[in-house]
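**Q** Quick one: this structure, given as structure tokens, is what I'll be asking you about.
The values are calculated or read from the model by the stated rules, or taken from the named source; none is laboratory data. Note that this is a predicted model, so its numbers are computed, not measured. Here the Cβ is made from the backbone with ideal geometry for all residues, glycine too, and neighbour counts use every protein chain on show.
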């Protein structure tokens, strides 16, 4: 099993009064290490990397590595400008990260050649393995299969984090195989979109880059471990059990605000832990989140275990 | 005529070797002041605000005000995080700007309430008038008419920069009137999308927030001045004359790369003046730009004037 397989858990970077709450972040990282996730990705989208300044990101990268014990830490280094990405990558390397995650953030739309050159420059500028972060919902950049192939050939590319797979299992398998055919065999494929993770693993993905894994590692690990030994029905059943949670993601504009609300409710993050202008959920939405947390037992010791 | 009417020219912020080329920026600003544009908006999308660091933006804001003479300067203050926006606004105010331009930049999608609170916070935090910058092609945020209305009611909102108007003149007028009906009468409406500027002014917009105006002020002024005295046919004819330029915008993914190539070709900006990862146009594309510059006489003294 390589570094870029299994469950990579994406912790929040909780803010308190517009500053990184280091103590809360450390607690999240230590929980993940204790739960024995396969890796921790600090400063992913869930970790609000795009909103944090260079110094904040350096500090968070260091805290993650210092408190993760033996668990490998990947660090998100994306930024709008290539030179900023290079500076973040250098700091991730100094912090002791085991890999970096890079999304082609955009303000002006980028061409395929712009994005290829970004990855070429960054893989040349760092000795760390690079995860290609394909997240069109936030970057508004769409990777073609051909561009996956060109980038994956670059020395240093270790993995691709792909968007949710299609619902239909056969189409999902075909999609993963189509990507697999374009990239070198040492490059792993990781699924994102938590609601589709069990389906993605069943369809042949090697890893799950997971939002809920960063706050609720146990249910994410149950799905991942079942899938890793081929018990895809069991993984699907656990994912199905969490359907009320996925429904919240669908209803409340994605996973970030919901997971932040859960972390706040469980006392893992201070109130209003997301960077403004993201206000987080309304009181009414939070009440629905609380119901789901209760219903699924997500707040119990051994969080998220089925009842006896 | 208020401050937020007529031609607001958006200069590039040329980079050289990943640093702001202050001398080139000053030359652009001085050209605009000499051409007697109605205002200069530094650090708009054309000015690459989203890619520049806090210190770079502070410096550019100061250079703009220092070299604009009597021409009012507006400064783009957008950023992903509210606290960063506030810091930029404070620096714009210190620099002596006459207004600020604020786009709701996104990485995570924002709700209407998030964006309203952003504008509420910023208008409360600055004494400068604020231009609401609606640029869905870069922010991926869509303003509803209702949100325009809520935000325009905030004290301190001076103008709204709207996306291109519909092609059909009647629909364009209806669109501008629909916005007008929702906002207080002291809030001006400015059109963007240079190819549709003459149409937008004819449809009742008070201002043109102009990309080409920042590099080629003369043709932009001819369109604006004709429209300002009700000679909309003349404005339309001048816009029509520039059709080959608008075609380049359409073919080469927007105005920024084309205008940067023109500035580079005219010696107004160093080669490769855009922030990486934006590579700018290819050699082949630049050859087409050169043809259009030649054809339209954009490089002549009294740039862009018709022949005798």
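**Q** Every residue in segment A:42-60 that is more than 14 Å from chain B (Cβ to nearest Cβ) and within 13 Å of residue A:87 (Cα to Cα), please.
**A** Matches in segment A:42-60: A:58 only.
**Q** Can you pull out the residues in segment A:5-24 that are crowded, with 24+ Cβ neighbours inside 10 Å and either more than 19 Å from residue A:192 (Cβ to Cβ) or within 14 Å of chain B (Cβ to nearest Cβ) (or both)?
**A** Residues satisfying the conditions are A:10, A:12, A:13, A:14, A:15.
**Q** Would segment A:249-260 turn up any residue that is surrounded by 15 or more Cβ atoms within 10 Å (Cβ to Cβ), modelled with pLDDT under 95, within 13 Å of chain B (Cβ to nearest Cβ) and out of contact with any strand residue (DSSP E or B) (no Cβ under 7 Å at 6 or more places or on another chain)?
**A** Among the residues of segment A:249-260, at least one is surrounded by 15 or more Cβ atoms within 10 Å (Cβ to Cβ), modelled with pLDDT under 95, within 13 Å of chain B (Cβ to nearest Cβ) and out of contact with any strand residue (DSSP E or B) (no Cβ under 7 Å at 6 or more places or on another chain), which makes the answer yes.
**Q** I would also like to ask the following. Looking at segment A:273-285 only, could you name the residues that are surrounded by fewer than 19 Cβ atoms within 10 Å (Cβ to Cβ), more than 15 Å from residue A:246 (Cα to Cα) and either in contact with a helix residue (DSSP H, G or I) (Cβ under 6 Å, 6 or more places away or on another chain) or in contact (Cβ under 8 Å) with a residue 12 or more places away in the chain (or both)?
**A** Within segment A:273-285, A:279 is the sole residue that qualifies.
**Q** Would you confirm, using the coordinates I've provided, whether residue B:33 is over 26 Å from residue B:122 (Cβ atoms), surrounded by fewer than 24 Cβ atoms within 10 Å (Cβ to Cβ) and modelled with pLDDT of 95 or more?
**A** yes
**Q** May I pose another question? Could you figure out which of (1) at pLDDT 95 or above; (2) away from every other protein chain (no Cβ under 14 Å); (3) surrounded by fewer than 23 Cβ atoms within 10 Å (Cβ to Cβ); (4) within 30 Å of residue B:5 (Cβ to Cβ) isn't true of residue B:212?
**A** (3)
**Q** When you look at residue A:28, is it within 14 Å of chain B (Cβ to nearest Cβ) and in contact (Cβ under 8 Å) with a residue 12 or more places away in the chain, yes or no?
**A** No.
**Q** I'd like the full set of residues that are in a strand (DSSP E or B) and within 14 Å of another protein chain (Cβ to nearest Cβ), limited to segment A:67-97.
**A** Listed by number, the list holds a single entry, A:76.
**Q** I've got another one for you. Against the condition at pLDDT 95 or above, surrounded by fewer than 22 Cβ atoms within 10 Å (Cβ to Cβ) and not in a loop (DSSP other than H, G, I, E, B), how does residue B:27 come out, does it pass?
**A** Yes: the conditions hold for residue B:27.
**Q** Among the strands (runs of 3 or more DSSP E) confined wholly to segment B:100-194, which include 3 or more residues that are within 11 Å of chain A (Cβ to nearest Cβ), touching a strand residue (DSSP E or B) at 6+ places or on another chain (Cβ under 7 Å) and over 29 Å from residue B:248 (Cβ atoms)?
**A** Counting at least 3 such residues, we get no strands (runs of 3 or more DSSP E) at all.
**Q** Please go through (1) in contact with a helix residue (DSSP H, G or I) (Cβ under 7 Å, 6 or more places away or on another chain); (2) free of Cβ contacts under 8 Å to residues at least 24 places away in the same chain; (3) part of a helix (DSSP H, G or I) for residue A:227 and return the number of the only condition it doesn't satisfy.
**A** (2)
**Q** Being exposed (fewer than 13 other Cβ atoms within 10 Å of the Cβ) and within 20 Å of the chain's Cα centre (by Cα) is the filter here; which residues of segment B:168-180 pass it?
**A** none
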